[in-house]
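Novice: Structure in structure tokens, see below.
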Amino acid sequence: MSELYVKEVRRALSARGSLLFVETVPGIKYNEVVEITLETGEVRLGQVIDVSKDFAVLQVFGGVSEVNIKKAKIRFKGETLKIPVSLDMLGRIFDGLGRPIDRGPPIVPEDWLDINSAPINPASREPPTEFIETGISAIDGLLSVVRGQKLPIFSGAGLPHNRIAAQIVRQARVRGKEERFAVVFAAIGVTYEEAYFFIENLKQAGNIENVVAFINTAASPVIERIAVPRVALTAAEFLAWKHGMHVLVVMTDMTNYCEALRELSAAREEVPGRRGYPGYMYTDLATIYERAGRIKGMKGSITQMPILTMPNDDITHPIPDLTGYITEGQIVLSRDLDRRGIYPPVDVLLSLSRLMKDGVGPGKTREDHYQVFMQLIAAYTEGQYLRELSAIIGVESLSEHDKKYLEFADLFERKFINQGEYERRTIEETLDIGWDLLATLPEEDLKLISVENIKKYHPKYRGKGSTS
Amino acid sequence: MVVGKIKRVSGPLVVAEGMRGSMVYEVVYVGEERLIGEIIGLQGEDAFIQVYEDTSGLRVGEPVEGSGSLLSAELGPGIVGKVYDGLQRPLSVIGELIGPFVKRGVKLPALPRDVKWPFTRNRDLKVGDKVGPGDVLGVVKETPLIDHLIMIPPGMHGELKELVNDGDYTIEDTIAVIESEGRKIELTMLQKWPVRKPRPYTRRLEPTEPLITGQRVIDMMFPIARGGKAAVPGGFGSGKTVLLQTLTKWARTRLNIYVGCGERGNEMADALHSFLKLKDPASGRPLAEKAVFVANTSNMPVAARETSVFLGVTIGEYFRDMGYDVLMVADSTSRWAEAMREISARLEEMPGEEGFPAYLGSRLAEFYERSGRVDCLGRPKRAGSLTIIGAVSPPGADFSEPVTQNTLRYIGTLIALDVSLANRRHFPAVSWLLSYSRYVETIERSWRKKFPQWRELRDRALSILQRESELMEIVRLVGPDALPEADKLLLDVAKMIREDFLQQNAFHPIDSYCPPEKTVLMLDVIMKFYDHSSKALLSGVPLDKIRALPVKVKIARMKEVPPEEFGKVYNGLINEIKSSIESLVKGG
Ligand SMILES: Nc1ncnc2c1ncn2[C@@H]1O[C@H](COP(=O)(O)OP(=O)(O)O)[C@@H](O)[C@H]1O
Ligand SMILES: [Mg+2]
């Protein structure tokens, strides 16, 4: 079946962007890997992205700069891009194509895996329902995360997304379970400092032994960024599906990934879609994000937390927009809250966790959780609206009733959303803070909470810590 | 059979040479692995093929073999409750046999060949009868909820020579023989039908019956007719998927088809899971016993998005032909349109608006036009309907984009979802200012039979909401205090309509499905409250007193009342509204 001979061509026809155009040799396979050996002896990897009778188009990781098209040697490897995987990857640091960069020994592979894994059969998926407690009220209370979810952070330049992500990685746990977990970290085109911020943080938290890091910094080749998330997820899948581990994958910054995709598309002279991004970006991103999940009859899970910066803080920009269409919600950071010193500055109205309903409630968090969440959001919405209104007509023209909501919005931001970077709140603590705030509102306004839950949890009836 | 050779591979597009004699939309087998593809264009001897599986590893020169037939659906017992991919491969069976990852090149029949189904013959038919397309030969109780009629396929007629007795048969066993022009044709319970071709019927009927959905904002405000077509556009997170899933759970139909096209795997898993758990309100049976799923998630090959939509419609028409009311939802049609755009770009066709091909509109039309209420072919005489509802995912939630705009040309009900409502957790986030239904007039008569006040309640509520948005402009400038009392009352009532009536939590154990009886009465309560309060204002009762009435809290909790108790609660509420407001009038 498999041919043992290696196909080789000696000359490329032309080079453009990160693409090489070469004459076809018999038997080139669509998507197969190529090795390009430069005059200097340097070897770059590439991939066949179009093949016809006359020529083939190669996408070169590492770019085509310094490639002398007359002299470079191009070998066709006959198979798709694969990386070696093994449990020894834990605690190690790799480049974007999975080659060790921490001066440690090479990996002794347990297996070689294609970086584009086959899609999970939707009928074989187990719906994610296990609540992950992050210890952060805004998330646990209002945007609950479950194992197997993909929940990105939509951030803006200069906002503390890295600190939040690091706090989540430090604190996240599933209560009552001691299971093997791992963190896979992919740095995509971020600065050296940012990449090492994470690695240091993980070291300090004492769990570097559970971390596999793939680093492509701002200085690394742009085109390699296309591969990084896929390489990282391949390692994650190995740990989750082969070794039954619960894997959290943090990828930052997916905006850089999308920029690389745009560059590649421009080099291929494709008809650009919205704002220059390729029309297939939705599908391309989906092949990354859909690698999160749980599988029936398998022990592990893959939870994804991609981070992206919204160009100009614009949530309708194609990058956050297409991401939001694929992921199971989004945690949106607010520049306004950040300016006002609220940490984590989560805009809870623009944020959403689509899988929350399956992860909360009796036996998972608490029976009143979902209703408290709905009521908090409703009250905060009202408070926000009154804030805007009072800016125009003045606070004094608001009724007493309205003033309560105005004050609620303030308290909510300062007491519920705001918390320490090293503060870990249990879900009960989070919900009780919520109740204390709701207790400042007229009881008959709490129409989203059942009468039974009011009787059971409202501070007035529990005779505890009521503020009104 | 035509056999050609691969000439070019570019993503899901393969060009093959030496394909003379092929036809457009013919199924072909591509490469040594025999990946499934479909010819979408022919030029000279070259065929342009969209391949429904990952093309990695294909080489120039590998064989491409024509099948001689069009992409077709298998129709027959065994289809209900299944999950199919866009090529009608049974995903649940594949999951069990092959593992949790979708490998390519897998070929499994859509319907099980070894299951024996209990067939009951049609007692009205005798050997020697002249029979024709759509005539019912018998019935198979496929699930407790589905009587699967076994019909003579379209295009076939003759004299009935044989009809088997009641008994257990597989879908490949001969159950009848007919003779036509001296030729004997053996019929089985299995039909095949090309997915791109509408199934025939006798006559189209006017869509005069409402599709009862149990969603107040639809049933009351923006109704959909049985056999109608509706679109649900909305930005991400606005509630398209939840709404479509809710409709396929609770709409009063005989069978529902849920097509997940280019969307999330976890959502599909959730749907499969909850359809097994949740019970049909009418029968108490699991919803999966009246549902078919088609799943081509966003990470599965893009070309199969198109076939998933057409497969869903074809299954829908097949059950319509049995005389059933069928609902088919597609989430999301935008992903299908994007797949069309991708293939079109690779074909280097002239791009239209935002890169979509010029035929985007006509493709959408072909799809939505397959909805309808019809007199079915064959005897006994029966009418069936297929209602189509498509989600649209406009980039940046901007409805001026081509897919939304083209869709609007063909649909009867627009359920426009508004991200800003969703951010405020007003669900379903249906914009009462943008949405519309062209079926209001046609189905009004049907509603009137049981609920004479339906139309009036609806029109009043909508005009109050309309007025609210005008008044809010003023409030934003000068504050609420500047308004006259009557307007302030209107704002209060508008808020009640929005929060106590329109908002409906899809996950609430009681409120997720609201029967029409309750829907109409709930709105009636709010309107009665408005009428009495208006009168009280005129006789000088201050608004604050009305606002403080305890009955308002009870109105806000109407949703939680189980439907069977609501009649009583309704009477109690109406009495309390009357008496408490009257006593305010007297007291003042
Ligand atoms: N009727 C509803 N009741 C309660 N929550 C809803 C409802 N509709 C939508 N939601 C909430 O909104 C979220 C997003 O809805 P979804 O249908 O997934 O949006 P879309 O498909 O438009 O992106 C859901 O996860 C759920 O939390
Ligand atoms: Mg959706």
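Novice: Label B:E162 and B:K107 with points 7 Å out from Cα along Cα→Cβ: what is the distance between them in nm?
Specialist: That separation, rounded to one decimal, is 2.9 nm.
Novice: Shifting gears a bit: From the phi of every residue in segment B:130-142, what ³J(HN,Hα) in whole Hz does the Karplus formula 6.51 cos²θ - 1.76 cosθ + 1.60 yield, where θ is phi - 60° and glycine or proline is x?
Specialist: Rounded to whole hertz, the list is 7, 10, x, x, x, 5, 8, 8, x, 9, 10, 7, 6.
Novice: While we're looking at this one, here's another question. Ranked highest first by the average count of other Cβ atoms within 10 Å around their residues, in what order do A:155-167, B:376-388, A:107-119 fall?
Specialist: Highest mean packing first, the order is B:376-388, A:155-167, A:107-119.
Novice: Follow-up. Once Lys and Arg get +1 and Asp and Glu get -1 on their Cβ, which of A:I427, A:A267, B:L311 lies farthest toward the positive end of the dipole of the protein assembly as shown?
Specialist: Value computed over the given set: B:L311.
Novice: Using the Cα gyration tensor of segment B:429-588, with a ≥ b ≥ c the square roots of its eigenvalues, what is the shape: rounded (a/c below 1.5), prolate (a/b larger than b/c) or oblate (neither)?
Specialist: Because a/c hits 1.5 or more and a/b fails to exceed b/c, segment B:429-588 counts as oblate.
Novice: If you look at just the Cα atoms of segment A:369-457, how large are its Rg and its Dmax in Å?
Specialist: Rg, Dmax (Cα atoms, Å): 13.9, 41.
Novice: Share of antiparallel DSSP beta bridges in segment A:83-359, in percent to the nearest 5?
Specialist: On the way: 13 of 43 bridges.
If I count the DSSP bridges inside segment A:83-359, around 30 percent turn out antiparallel.
Novice: Going 7 Å from the Cα of B:E366 toward and past its Cβ, which residues in segment B:55-92 have a backbone nitrogen under 16 Å from where you end up?
Specialist: The answer is B:70-73.
Novice: Follow-up question, since we're still on this one. Could you give P(r) for segment B:392-442, binned at 5 Å from zero, as whole percent values over all Cα-Cα pairs?
Specialist: Going from the shortest bin to the longest, the percentages are 4, 19, 25, 26, 16, 8, 2.
Novice: Suppose R0 equals 51 Å; then what is the FRET efficiency for A:S397 and A:L13 from their Cβ-Cβ distance, rounded to the nearest 0.05?
Specialist: Efficiency computed from Cβ-Cβ geometry: 0.10.
Novice: Calculate the radius of gyration of the Cα atoms of segment A:83-359 to one decimal place, then report Dmax, the largest Cα-Cα distance, as a whole number, both in Å.
Specialist: That works out to 17.6, 54 Å for Rg and Dmax.
Novice: Return the FRET efficiency for the residue pair A:Y461, B:S512: r is the Cβ-Cβ distance, R0 is 25 Å, and the value is rounded to the nearest 0.05.
Specialist: Approximately 0.30, to the nearest 0.05.
Novice: Name the long-range amide H neighbours of B:Y513: under 5 Å, sequence gap of 5 or more, or other chain; modelled H, no Pro or chain starts.
Specialist: Distant-sequence amide H within range of B:Y513: zero hits.
Novice: Given that compact globular proteins tend to follow 2.2 N^0.38 Å, what is the ratio of the alpha-carbon Rg of chain A to that value?
Specialist: 1.11
Novice: Of the DSSP beta bridges with both residues in chain B, give the percent that are antiparallel, rounding to the nearest 5.
Specialist: 70
Novice: Quick check: the distance between the Cα centres of segment B:396-410 and segment A:403-445, to the nearest angstrom?
Specialist: 41
Novice: When the Karplus curve 6.51 cos²θ - 1.76 cosθ + 1.60 is applied with θ = phi - 60°, which whole-Hz ³J(HN,Hα) does each residue of segment B:3-20 get, with x for Gly and Pro?
Specialist: 10, x, 9, 5, 10, 7, 10, 9, x, x, 9, 10, 10, 10, 9, x, 9, 4
Novice: Out of residues 5 or more away from A:Q419 or on other chains, whose amide H comes under 5 Å of its own, with H placed 1.01 Å from N in the peptide plane?
Specialist: A:Y343
Novice: Considering every pair of different Cα atoms, what Kirkwood radius, in Å, is found for segment A:65-124?
Specialist: Working: mean 1/r = 0.0686 Å⁻¹.
Kirkwood radius, segment A:65-124: 14.6 Å.
Novice: Relative contact order for chain A using alpha-carbon pairs under 8 Å, separation at least 6, rounded to a whole percent?
Specialist: Once divided by the residue count of chain A, the mean separation gives 16 percent.
Novice: In addition: Projecting each Cα onto the charge dipole of the protein assembly as shown (Lys/Arg +1, Asp/Glu -1 at the beta carbon, about the Cα centre), which of B:P452, A:I326, B:V520 comes out farthest on the positive side?
Specialist: The Cα lying farthest towards the positive end belongs to B:P452.
Novice: Compute the projected area of the convex hull of the Cα atoms of segment A:3-80, averaged over all viewing directions, and report it in nm² to one decimal place.
Specialist: Mean shadow area of the hull around the Cα atoms is 4.5 nm².
Novice: Treating each Cα of the protein assembly as shown as an identical point scatterer and ignoring solvent, apply the Debye formula and state log10 I(q)/I(0) at q = 0.05 Å⁻¹.
Specialist: Log-scaled intensity ratios, in q order: -0.35.
Novice: Determine the shape class of segment B:203-438: with a ≥ b ≥ c the square roots of the Cα gyration tensor eigenvalues, call it rounded for a/c under 1.5, and otherwise prolate if a/b is greater than b/c, oblate otherwise. Write out the running numbers ahead of the final one.
Specialist: Details: a/c = 1.42, a/b = 1.24, b/c = 1.15.
Here segment B:203-438 falls in the rounded category.
Novice: Hey, another quick one. Using 0.36 nm per residue, how much length does the chain from A:I101 to A:E200 gain when fully extended, once their Cα-Cα distance is taken away? If you can, show how the numbers build up before the last one.
Specialist: Working: separation 99, 0.36 × 99 = 35.64 nm, distance 1.59 nm.
Length difference between fully extended and current span is 34.0 nm.
Novice: Ignore the peptide's own chain and count Cβ atoms of other chains within 10 Å of each Cβ in A:271-282; give me the average, rounded.
Specialist: Per residue, the average neighbour count from other chains is 5.
Novice: If you don't mind, another one. Give the percent of DSSP beta bridges with both residues in the protein assembly as shown that are antiparallel, rounded to the nearest 5.
Specialist: Here the antiparallel bridges make up roughly 65 percent for the protein assembly as shown.
Novice: Give me the distance in nm between label points sitting 7 Å out from Cα along the Cα-to-Cβ direction at A:E193 and A:Y422, one decimal.
Specialist: Spacing of the two 7 Å Cα→Cβ label points: 2.2 nm.
Novice: Using a 7 Å offset from the Cα along the Cα-to-Cβ direction at both A:T37 and B:R455, what is the distance between the two label points in nm, to one decimal?
Specialist: According to this spin-label approximation, the distance is 8.4 nm.
Novice: Return the value, in Å² to the nearest 100, of accessible area buried between chains A and B (probe 1.4 Å, both sides summed).
Specialist: Summed over both sides, the interface buries about 6000 Å².
Novice: Given the peptides A:175-188, A:212-225, arrange them by the average over their residues of other C-beta atoms within 10 Å, most packed first.
Specialist: Details: A:175-188: 19.5, A:212-225: 21.8.
Taking the mean over residues of other Cβ atoms within 10 Å, the ranking is A:212-225, A:175-188.
Novice: Something else about it: For B:A291, list long-range residues whose amide hydrogen, built 1.01 Å from N in the peptide plane, is under 5 Å from its own amide hydrogen.
Specialist: Here B:G81, B:N256 satisfy the definition.
Novice: Another one. Among the listed pairs B:K7/B:K229; A:K296/B:K197; B:K126/B:K192; A:K177/B:K107; B:K126/B:K279; A:K357/B:K449, which have their C-alpha atoms separated by more than 32 angstrom in this model? Spell out each step's value before the answer.
Specialist: Numbers: B:K7/B:K229 42 Å; A:K296/B:K197 37 Å; B:K126/B:K192 26 Å; A:K177/B:K107 41 Å; B:K126/B:K279 39 Å; A:K357/B:K449 39 Å.
Violating the 32 Å Cα-Cα cut-off are B:K7/B:K229; A:K296/B:K197; A:K177/B:K107; B:K126/B:K279; A:K357/B:K449.
Novice: Further question: Send over a whole-number figure in Å² for the accessible area per residue of chain B, probe 1.4 Å.
Specialist: Dividing the accessible area of chain B by its residue count gives 37 Å².
Novice: Of A:I132, A:V108, A:Y385, whose Cα points farthest to the positive end of the dipole of chain A (charges on the beta-carbon: +1 Lys, Arg; -1 Asp, Glu; origin at the Cα centre)?
Specialist: A:V108
Novice: Could you tell me which of rounded, prolate or oblate describes chain B, using a ≥ b ≥ c as the square roots of the eigenvalues of the alpha-carbon gyration tensor, with rounded for a/c under 1.5 and, failing that, prolate when a/b is larger than b/c and oblate otherwise?
Specialist: Numbers: a/c = 2.60, a/b = 1.68, b/c = 1.55.
Note, shape of chain B comes out prolate.
Novice: Using R₀ = 41 Å, calculate the FRET efficiency as 1/(1 + (r/R₀)^6) where r is the Cβ-Cβ separation of B:R467 and A:V174; round to 0.05. If you can, show how the numbers build up before the last one.
Specialist: Values: r = 51 Å, r/R0 = 1.24.
Efficiency computed from Cβ-Cβ geometry: 0.20.
Novice: Please give me the summed charge of the neighbours of A:V222: other residues whose Cβ is under 11 Å from its Cβ, Lys and Arg +1, Asp and Glu -1.
Specialist: -1
Novice: Related question: Per residue of segment B:101-108, in order, report the coupling 6.51 cos²θ - 1.76 cosθ + 1.60 (Karplus, θ = phi - 60°) as ³J(HN,Hα) in whole Hz, putting x for Gly and Pro.
Specialist: With the stated coefficients, segment B:101-108 comes to 10, 7, 8, 8, x, 6, 10, 9 Hz.
The values are calculated or read from the model by the stated rules, or taken from the named source; none is laboratory data. As the structure is a prediction and not an experimental result, all values here were calculated from the model. Backbone-built Cβ (ideal geometry, glycine too); neighbour counts: all protein chains shown. With ligands, DNA and RNA removed, areas are computed over all heavy atoms of the protein, side chains included. Shrake-Rupley method; radii C 1.70, N 1.55, O 1.52, S 1.80 Å.
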